[in-house]
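Before any comments, here is the structure.
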Amino acid sequence: MTDLLKAVEAEVNPNIPELRPGDTVSVHVRIKEGDRERIQEFKGVVIRKRNSGNNANFTVRRTASNGIGVERTFLMRSPRIDKVVVERHSHVRRAQLYFMRERTGKSARLKQKFD
Amino acid sequence: MLKGLIGKKVGMTQLFDDAGAALPVTLIEAGPCYVTQVRNPEKNGYSAVQLGFGEVNPKRLTGGQLGHLKVTELPPLRFLREFRTKDELNVGDKLTVELFAVGERVDVIGTSKGKGFQGAMKRHGFKGGPITHGQSDRQRAPGSRGAGTTPGRVYKGARGPGHMGRERVTSQGLKIVLVDTERNLIGVNGAVPGPKGGLVMIKEARKQ
């Protein structure tokens, strides 16, 4: 039964590297405007990852102008994602960084992790 | 040609369309079905065909069921369902998912999940009672079901608490997004009544 579900799954998007919560990433999204296609960048921190095979997704949070937080959830296998660039890893102690929602400015910084 | 199949609900997943949008998709393992009986106006007063689905060990069927299928040497089939059609079909004809193409619309008939004995709020969408103003134990109560001294009783068929679910439900006008002839799979956009593994009937949409 589950094998039949697996058989029709979407292909893994090869342009998405392994992501971890706390990573600062730049997501390049394909956007169709009429017959023209362009690429939009969405840069922010990965605050959550949901691993569920075909339906896996991750949420990126960024602070827009005037300190307004914007969160966007992407499907891991979406063909609309052109590529994801990991710009830095951060030291975090949680899997879901929901505490970032209450933080702005200096307190919203994460300590960089080198590896 | 009759557009109808019997199948089994596999489960739901997400698939991407050409534009890259994610669609909620229900997978149905449908067919192969065999025509097991033809009903005609002369003999039965209406025209229809009986389809069979699901090959099983012959020991699973009763002698009567086997005898019914034996006439045309069909494999032992577990489920038999009738489809109304005026199309000419013969006993023994095989129907597969190739009947359907991506983009067509279908109705899917199934038996909804049983919910047991449920209150009027869940079953019929009643609003329940007031939460404040000194009320106690009234929050999910159905309220009055009838009129006053005239007629002095509750009319039959008035909505109230009772058994919910496990009834025949039709999901109309679902769009086909996937047809896999190799695995006998059909994928429709949207939800389909019943649990995973439940028996469903797929028909051409009545409202096109």
Computed over chain B, the relative contact order (Cα-Cα under 8 Å, seq sep at least six) in percent reads 29 percent
As a footprinting exposure proxy, order B:104, B:167 by other Cβ within 10 Å, with the fewest listed first.
B:167, B:104
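Across peptide B:21-32, what mean number of C-beta atoms from other chains lies inside 10 Å of a residue's C-beta?
Values: counts 3, 9, 0, 0, 2, 0, 5, 1, 2, 0, 0, 0.
Mean number of neighbouring Cβ atoms from other chains: 2.
Would you mind calculating the relative contact order of the range B:129-187 from Cα pairs under 8 angstrom and at least 6 residues apart, reporting the percent as a whole number? Provide the component values of the computation, followed by the final result.
Values: 33 pairs, mean separation 10.0, N = 59.
Here the relative contact order equals 17 percent.
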Over the range A:22-102, with a single point scatterer placed on each C-alpha, what log10 of the ratio I(q)/I(0) does the Debye formula yield at q = 0.27 1/Å?
-1.39
Within the P(r) computed for the range A:17-64, what percentage of the Cα pairs occupies the region above 16 Å?
48 percent
In vacuo Debye sum over C-alpha of the range B:32-95, base-10 log of normalised intensity I(q)/I(0) at q = 0.18 Å⁻¹, listed in q order, is -0.61
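For a quick check: sort A:58, A:114, B:83 by the number of other beta carbons within 10 angstrom, fewest at the front. Can you show the working numbers first?
On the way: A:58 23, A:114 6, B:83 20.
Final ranking by Cβ density, sparse to dense: A:114, B:83, A:58.
Given the DSSP H assignment, sum -39500 (n - 2.57) over each helix run of at least 4 residues in the protein assembly as shown and divide by its residue total; what's the result at 222 nm in deg cm²/dmol, nearest 500?
Numbers: 4 runs with 23 residues, N = 323.
Counting only the DSSP helices, I get -1500 deg cm²/dmol.
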Cross-link table B:8/B:175; A:6/A:32; A:49/A:113, entries beyond 26 Å C-alpha to C-alpha:
A:6/A:32
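Using Cβ contacts closer than 10 Å as the measure, can you line up A:99, A:42, B:100 from fewest to most?
Ranked by crowding around the Cβ, least crowded first: A:99, A:42, B:100.
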Taking only Cα atoms of the protein assembly as shown, the Rg to Rh ratio with Kirkwood Rh works out at 1.11
Enter the Cα centre distance for the pair the range B:165-208 and the range B:28-87, rounded to the nearest angstrom.
20 Å
Considering only A:75, B:149, A:25, whose Cα is most displaced toward the positive end of the charge dipole of the protein assembly as shown, charges sitting on Cβ of Lys, Arg (+1) and Asp, Glu (-1)?
B:149
Within the set A:54, A:15, A:66, GNM on chain A using Cα springs under 10 Å gives the largest fluctuation to A:66
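Assuming 0.692 mPa s and 37 °C, estimate D for chain B with Stokes-Einstein, Rh taken as the Kirkwood radius over Cα pairs, in µm²/s.
Details: Rh = 20.2 Å.
Reported coefficient: 163 µm²/s.
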Before anything else, pin down the relative contact order of the range B:32-95: Cα pairs under 8 Å, at least 6 apart, normalised by residue count, whole percent.
46 percent
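Each reported figure results from applying straightforward, stated rules to the coordinates on display, with no laboratory input. Keep in mind that this is a model prediction, so the values were computed, not measured. Neighbour counts run over all protein chains shown; Cβ positions are idealised from the backbone, glycine included.
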